[in-house]
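The structure under discussion appears below in the form of structure tokens.
The values are calculated or read from the model by the stated rules, or taken from the named source; none is laboratory data. Keep in mind that what you see is a predicted model, and the values were worked out from it rather than measured. Please note: Cβ atoms are built from the backbone with ideal geometry, for glycine as well, and neighbour counts cover all protein chains shown. The accessibility values were calculated without ligands, DNA or RNA, using every heavy atom of the protein model including side chains. Shrake-Rupley method; radii C 1.70, N 1.55, O 1.52, S 1.80 Å.
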Amino acid sequence: KELLHQSEPMEPLRLAIVGRPNVGKSTLLNTLSGSERALASPIPGTTRNTVTVKIMAHDASSSSTSGSSRNKQHKLHHVPDGRSDSKSGQHQQQHHHHHHQQQISIELTDTAGVKRVKSVLRNQTIDLFGEVDTAAMAQALDTIRRSHVACLLVDATGSNIEPDEAVSFEASDYDVRCLPARAILTQNDLRIAQFAEEEGRPLTVLLNKWDEVPAEARQGLKRACMGLFYDILTQSSKGVPLLTTNSKAIGTLQQVVPTAQRLHSRWSSRVPTNALNRWLQAVVAYKPPPNIGGKPVTPKFISQIDTRPPTFSINVARVANLPKSYQKFLTNSLREEFGLHGVPIRVRFRSPSNPYSKDGKGKRGSNKSGNKRRGGAKR
């Protein structure tokens, strides 16, 4: 396998922190930044406006394929008003002796908790709070749209979930084996995850307060949550990282940053065209597409046409006859071969140009694998 090449210039990694009220978003921001920029309180709904903090962190993206950075300690340094603090300055001096530990800038954004309007109104608050709650969802979605990576926090204890907020298995075709996830996930959690994917943003999910979950229930609960996110996210985002954290243990919270860096690196990467076509030839030889009407439907050429998210174009003779199942097979194989786990990828299947058509350009069919991008800026 060939290494992926970074295609974008260095810039601050924008990490959006989203989720329901009182799940630990402000605590996470304060822990990572080493400051009290966000007001953390046991009272739900304390944060009403976005809070953005810049930090510096060791670059973990270089080990995104090997995974070796998971066992390393990542020291984080708060950068108030664009200036490095004393610890950051000391680390920069040590950088000359540890050239492999490059630092990058990260922008953390905390958002207001998202809660159903009905629940707010039923608690006998004034109508204005219903409007604020609606604005909280719009704020979270807009923050995701402007971010590079989204971090969805979930309270693993399932506290403060109203009955009408829980995931509805009756009105969906979710796997019943995921039913335990209903105790801690809401429809808004799933909506946020789907929106991040539709916007082409990598997503990581944090099950916070994991230490408060009974030990005998942890394995089943985590497996149910992974299965549910596997169901709701299409083939463009398989392998979303699911982390377990303890809001009282700083070390468990700090794993968020290296995970986000690895996702950002894959999301911004470009695969060499020759490596892509070697893969395509090998995978088609290993599992050829079925013949339709006695004629082959063969993928001929692949190239990467965009990044953020990685977007690929595959030329296929008689593309309209290429089965959806084979398109899904190629997409999954592509992700597996080049280590694009956890990031949305787009694969477009097109008919090659016909040089004998009247206009000289030929007809060009198109079939996209994955969700269409919604409105909003790419970067």
- Message: Of everything in segment 142-157, what is assigned to a helix (DSSP H, G or I) and touching a strand residue (DSSP E or B) at 6+ places or on another chain (Cβ under 7 Å)? Give them in sequence order.
- Response: 143, 144, 146
- Odd one out for residue 138, checked against (1) farther than 21 Å from residue 16 by Cβ; (2) small (Gly, Ala, Ser); (3) open to solvent by 20 Å² or more (accessible area, probe 1.4 Å): (1)
- Subset of segment 230-266 [over 13 Å from residue 197 (Cβ atoms), open to solvent by 20 Å² or more (accessible area, probe 1.4 Å) and not in a helix (DSSP H, G or I)]: 241, 242, 243, 244, 246, 247, 248, 249, 254, 255
- Residue count, segment 290-315 (criterion: more than 30 Å from residue 150 (Cα to Cα) and either in contact (Cβ under 8 Å) with a residue 60 or more places away in the chain or of a type in the set (Phe, Trp, Tyr) (or both)): 1
- Task: Scan segment 112-139 for residues that are over 17 Å from residue 160 (Cβ atoms) and modelled with pLDDT of 55 or more and jot them down.
- Result: 134, 135, 138, 139
- Task: List the number of the failed condition for residue 271; all other conditions in (1) in contact with a strand residue (DSSP E or B) (Cβ under 6 Å, 6 or more places away or on another chain); (2) open to solvent by 20 Å² or more (accessible area, probe 1.4 Å); (3) in contact (Cβ under 8 Å) with a residue 40 or more places away in the chain hold.
- Result: (2)
- Pick out the one residue from 182, 145, 218 that is among the basic types (Lys, Arg) and surrounded by fewer than 17 Cβ atoms within 10 Å (Cβ to Cβ). 218
- Item | Total residues in segment 304-356, condition more than 22 Å from the chain's Cα centre (by Cα) and open to solvent by 40 Å² or more (accessible area, probe 1.4 Å) | 11
- Message: Checking residue 194 against (1) at pLDDT 95 or above; (2) within 15 Å of the chain's Cα centre (by Cα); (3) open to solvent by 30 Å² or more (accessible area, probe 1.4 Å), only one condition comes out false. Which one?
- Response: (1)
- Message: Give me the residue from segment 278-289 that is in contact (Cβ under 8 Å) with a residue 24 or more places away in the chain and surrounded by 15 or more Cβ atoms within 10 Å (Cβ to Cβ) and, out of that set, nearest to residue 326 (Cα to Cα).
- Response: 289
- Within segment 195-212, the count of residues that are touching a residue at least 40 places away in the same chain (Cβ under 8 Å) and not in a strand (DSSP E or B) comes to 11
- Note on the structure: Those residues of segment 158-179 that are in a loop (DSSP other than H, G, I, E, B) and not β-branched (Val, Ile, Thr) come to a total of 12
- Among what's in segment 267-320 and is assigned to a helix (DSSP H, G or I) and touching a helix residue (DSSP H, G or I) at 6+ places or on another chain (Cβ under 7 Å), pick the residue that is farthest from residue 15 (Cα to Cα). 283
